[in-house]
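Enquirer: Attaching a single structure in structure tokens format; questions to follow.
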Amino acid sequence: MRLVFCGTPEFAVGTLEAVIAAGHEVALAVTQPDRVAGRGMEMHAPPVKQAAAAHGIAVVQPEKIRENTEFRARLELVRPDAIVVVAYGRIIPQWMLELPRLGVSICMDRCCRSIEGPRRCSGRWPTASERRA
């Protein structure tokens, strides 16, 4: 399956690795722009960018996505079957939700915390009763 992966923090890297290991074609990784961090105020690349680069996956880092015609054209050119979003950090616009033929799968860190406490997702989908909690 041809995918676009959207994510930024270390939390999202595990999902990116799992998608690649499952044999899916990740045609493009979308992550937030590099930011300054630490005491030295040095530029740091997001963990998803580093992981994608290690696998030879093209990376884009748009500052904004809603009205970004260049970014939209790039996604339309990729023609993904699905988009996987894991802790990307931006609101996904309607045009992006409607783009892939199979839809968009979204996972956010805070959803997992509400189900399992402060630790990370276990890799399983929550049951209906857990989602209501």
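Enquirer: Once R0 is set to 25 Å, what does the formula 1/(1 + (r/R0)^6) return for the Cβ-Cβ distance between Arg74 and Ala21, expressed as a FRET efficiency to the nearest 0.05?
Expert: Efficiency for this residue pair is about 0.50.
Enquirer: Right, something else. To the nearest 20 Debye, how big is the dipole of the range 1-81 about its Cα centre, given +1 on the beta carbon of each Lys and Arg and -1 on that of each Asp and Glu?
Expert: 120 debye
Enquirer: Once phi is turned into θ = phi - 60°, what whole-Hz ³J(HN,Hα) does the Karplus curve with 6.51, -1.76 and 1.60 give for every residue of the range 30-42, x standing for Gly and Pro?
Expert: 10, 9, 5, x, 4, 10, 7, 7, x, 5, x, 6, 8
Enquirer: Please give the length that would be gained between Lys64 and Leu97 if that part of the chain were fully extended, namely 0.36 nm times their separation in residues minus their C-alpha to C-alpha distance (nm, one decimal).
Expert: My answer for the length gained is 10.3 nm.
Only the coordinates and a few stated rules stand behind these numbers; no lab work does. These figures come from a predicted structure and were not determined experimentally. Please note: Cβ atoms are built from the backbone with ideal geometry, for glycine as well, and neighbour counts cover all protein chains shown.
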